[in-house]
Amino acid sequence: MKRIAVLTSGGDAPGMNACVRAVVRYGITAGAEVYGIRRGYAGLMSNDISKLDSRSVGGIIRQGGTVLMSARSAEFKTPEGQAKALDVLHGWEIDGLVVIGGDGSLNGAACLHRLGFPVVGIPASIDNDIAGTEMAIGVDTALNTILDAMDKIKDTASAHQRAFIIEVMGRAHGYLALMAGIAGGAEMVILPGREVSKAAVMREVKSAFLRGKPHFIIVAAEGASTPEKSITNLLTDYIIESGHDARSTVLGHVQRGGSPSCFDRLLGTRFGAAAVDNLVMGNTGVMIGLKAGEMITTDIETVLSTSPELSKEALRLAEPLAH
Ligand code: ADP
Ligand code: F6P
């Protein structure tokens with residue numbers, strides 16, 4: 001493996017930089033030249049590539065976002081786009097590619113691998129919606145950001161004896177909502193596919209205030225929204241109808257930014273080094289993952305055909321702890 005290239009793609013996640021830094025420095029130590037592709041697959045197709053050295057990734061471990069920048073590209077989904085990308089990789093005589101991104105980006109990596117190009121994927125998405133790993137890069141930092149916001153909102157909710165809906169990201173997956181709900185002490189968690197009825201929300205709000213709770217915090221996953229109405233608007237209507245004051249906060253992209261936590265810096269670093277090791281060993285077409293504290297690999301095709309599941313234990317804990 002003489003020449004390795006690395007790109008970041010899809011939604012950025014805190015810890016991507018730690019991962020890029022590890023691919024570069026560990027790759028160089030393993031005897032390879034490392035090339036950085038800017039703006040994900042869009043940059044790959046348009047030849048936006050340069051050689052990286054150890055110094056070029058200095059000081060980035062503590063930065064959020066991605067120094068390689070990210071992009072979403074419809075063209076890359078086409079056979080023509082993928083052929084263009086392959087031409088560029090061959091033109092630079094790249095022997096192996098590391099793709100750092102979410103499930104969409106891993107789909108792209110699988111396409112290149114099916115076309116015969118050696119690829120290793122690294123899961124990076126605050127949503128934690130990728131099978132084959134217990135944690136993706138960025139999840140821990142996003143959870144800490146959500147908790148910080150929840151703690152602040154609780155102060156003002158208690159001061160006014162209000163109900164608050166806090167909408168968090170996660171696409172169709174409820175990981176962030178579930179874990180933040182437990183760790184932040186929410187009174188209710190609303191997850192995609194497990195929506196709660198209007199009657200249940202009204203009953204729970206009333207009963208919480210009657211029991212002397214000073215606030216009622218609902219963490220709602222964005223994926224629980226319907227095409228007609230956002231989950232936040234729906235819940236706000238229910239609470240107002242129950243006779244209580246309600247406010248809402250959609251946390252939005254604040255969840256994606258910020259300096260990565262210690263966990264994400266370590267995870268990004270370990271994933272990056274493991275990706276280089278696997279490329280060098282010729283174990284390609286795989287995604288690196290974390291399982292019981294260890295680095296593992298899973299075929300990207302298996303990852304993509306497996307639905308990520310929420311922990312049954314966490315689901316069981318969420319309700320009783322809210323009372
Ligand atoms: P994420 O990686 O965060 O899930 P996206 O779903 O937007 O983000 O995917 C990032 C990019 O990966 C897309 O813009 C596209 O270029 C590529 N991609 C996504 N899905 C596919 C697919 N099915 N086939 C090929 N490339 C894909
Ligand atoms: O996948 C990460 C994520 O932040 C999702 O939680 C969210 O739905 C989506 O990306 C928003 O993406 P963007 O605003 O970049 O299109």
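The values are calculated or read from the model by the stated rules, or taken from the named source; none is laboratory data. A quick note: this is a predicted structure, and the numbers were derived from the prediction, not measured. Using ideal geometry, Cβ is built from the backbone for each residue, glycine included, and neighbour counts are taken over all protein chains shown.
Report yes if some residue within segment 205-215 is among the aliphatic types (A, V, I, L, M) and in the same structural domain as V119 (by TED's automatic domain parsing); otherwise report no. Checking segment 205-215: not a single residue is among the aliphatic types (A, V, I, L, M) and in the same structural domain as V119 (by TED's automatic domain parsing).
No other residue among D148, D87 is over 24 Å from the mean Cα position of the chain (by Cα), surrounded by fewer than 23 Cβ atoms within 10 Å (Cβ to Cβ) and over 22 Å from P308 (Cα atoms) apart from D87. Selection within segment 31-51: residues that are closer than 15 Å to A275 by Cβ and away from ligand 1 (no atom under 16 Å from the Cβ). The member of this set that is farthest from the chain's Cα centre (by Cα) is A32.
Residue under question is R162, and the condition is that it be touching a residue at least 12 places away in the same chain (Cβ under 8 Å) and within 16 Å of ligand 1 (Cβ to nearest atom); does it hold? So R162 fails the test.
Looking at segment 87-133 only, could you name the residues that are away from ligand 1 (no atom under 13 Å from the Cβ) and assigned to a helix (DSSP H, G or I)? Answer for segment 87-133, where residues must be away from ligand 1 (no atom under 13 Å from the Cβ) and assigned to a helix (DSSP H, G or I): D87, V88, L89, H90, G91. Consider segment 157-197 and keep the residues that are over 22 Å from the mean Cα position of the chain (by Cα) and hydroxyl-bearing (S, T, Y). The one that is farthest from S248 (Cα to Cα) is S197. Restricting segment 300-323 to residues that are in a helix (DSSP H, G or I) and crowded, with 17+ Cβ neighbours inside 10 Å leaves a set whose member that is farthest from the chain's Cα centre (by Cα) is A322.
Give me the pairs, please: first residue somewhere in segment 10-29 and closer than 11 Å to I126 by Cβ, second residue anywhere and of a type in the set (D, E) and more than 14 Å from ligand 1 (Cβ to nearest atom), beta-carbon distance under 7 Å, and either six or more positions apart or on two chains. So the pair list comes out as P14/D264; G15/D264. Criterion first (on the phi > 0 side of the Ramachandran plot and either of a type in the set (D, E) or within 16 Å of ligand 2 (Cβ to nearest atom) (or both)) does E93 satisfy it? It is true that E93 is on the phi > 0 side of the Ramachandran plot and either of a type in the set (D, E) or within 16 Å of ligand 2 (Cβ to nearest atom) (or both).
In this structure, E80 qualifies as of a type in the set (D, E) and outside any loop (DSSP other than H, G, I, E, B). The residues on offer are A136, A172, A142, and the sole one that is within 14 Å of ligand 2 (Cβ to nearest atom), surrounded by fewer than 24 Cβ atoms within 10 Å (Cβ to Cβ), closer than 25 Å to G193 by Cα and of a type in the set (A, V, I, L, M, F, W, C) is A172. Scanning segment 1-14 for residues that are under 24 Å from M281 (Cβ atoms), crowded, with 24+ Cβ neighbours inside 10 Å and either modelled with pLDDT under 95 or within 16 Å of ligand 2 (Cβ to nearest atom) (or both) turns up T8, S9. Residue check: G108 meets all listed conditions (1) surrounded by fewer than 22 Cβ atoms within 10 Å (Cβ to Cβ); (2) under 30 Å from G27 (Cβ atoms) but one, namely (1).
Note on segment 312-323: residues that are farther than 14 Å from V189 by Cα and either among the hydrophobic types (A, V, I, L, M, F, W, C) or in contact (Cβ under 8 Å) with a residue 40 or more places away in the chain (or both) total 0.
Okay, residues lined up against (1) surrounded by fewer than 20 Cβ atoms within 10 Å (Cβ to Cβ); (2) more than 18 Å from R270 (Cα to Cα); (3) within 18 Å of the chain's Cα centre (by Cα):
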| residue | (1), (2), (3) |
| --- | --- |
| T29 | yes, no, no |
| R55 | yes, yes, no |
| G59 | yes, no, no |
| V67 | yes, yes, yes |
| R72 | yes, yes, yes |
| P79 | yes, yes, no |
| A83 | yes, yes, no |
| W92 | yes, yes, no |
| D95 | yes, yes, no |
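Each residue in segment 36-59 was checked for being on the phi > 0 side of the Ramachandran plot and part of a helix (DSSP H, G or I), and 1 of them qualify.
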